[in-house]
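Written out below as structure tokens is the structure these notes cover.
The values are calculated or read from the model by the stated rules, or taken from the named source; none is laboratory data. Here the structure is a predicted model, which is why all the values come from computation and not from measurement. Note that we place each Cβ from the backbone using ideal geometry, even for glycine, and neighbour counts take in every protein chain shown. Just the protein is used for accessible areas: all its heavy atoms, side chains included, with ligands, DNA and RNA removed. Shrake-Rupley method; radii C 1.70, N 1.55, O 1.52, S 1.80 Å.
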Amino acid sequence: VQLQASGGGTVQTGGSLRLSCVSSRSFSLMGWYRQAPGKQRELVASITITSSTNYADSVKGRFTISRHNAKNTVYLQMNSLEPEDTAVYYCGCGNVVATLWGQGTQVTVSS
């Protein structure tokens, strides 16, 4: 089973990026996590197969998670990006909690 993430990059404060992650199989739970230097990995947003979503307080109103079940793909639309959003973003999937991880994609927000 593989997860392939894409879409990271460098933007200025206030900019937008869209992350995508394709899985080789279906999972009930798909999500995005991030890890900044010197910090623990944290949940950014997750979405169930029935489209129930969960967001970190720090990204509510700015980020939107969605998924395309037929394509086993999860997306993260990130708007109004802030320097504090700079991190390596990981796609994580599982049945109840994330147990399979994709390679990280770097998101850098410059001030």
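Data table
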{"read-out": "Qualifying residue in segment 54-68 (condition: out of contact with any His (no Cβ under 9 Å at 6 or more places or on another chain), surrounded by fewer than 18 Cβ atoms within 10 Å (Cβ to Cβ) and among the hydrophobic types (A, V, I, L, M, F, W, C))", "value": "yes"}
{"read-out": "Residue satisfying all of: in segment 21-48; open to solvent by less than 30 Å² (accessible area, probe 1.4 Å) and of a type in the set (S, T, N, Q); nearest to the chain's Cα centre (by Cα) among these", "value": "Ser46"}
{"read-out": "Residue ID - surrounded by the fewest Cβ atoms within 10 Å (Cβ to Cβ), chosen from residues in segment 3-14 that are under 16 Å from the mean Cα position of the chain (by Cα) and more than 16 Å from Val97 (Cα to Cα)", "value": "Thr10"}
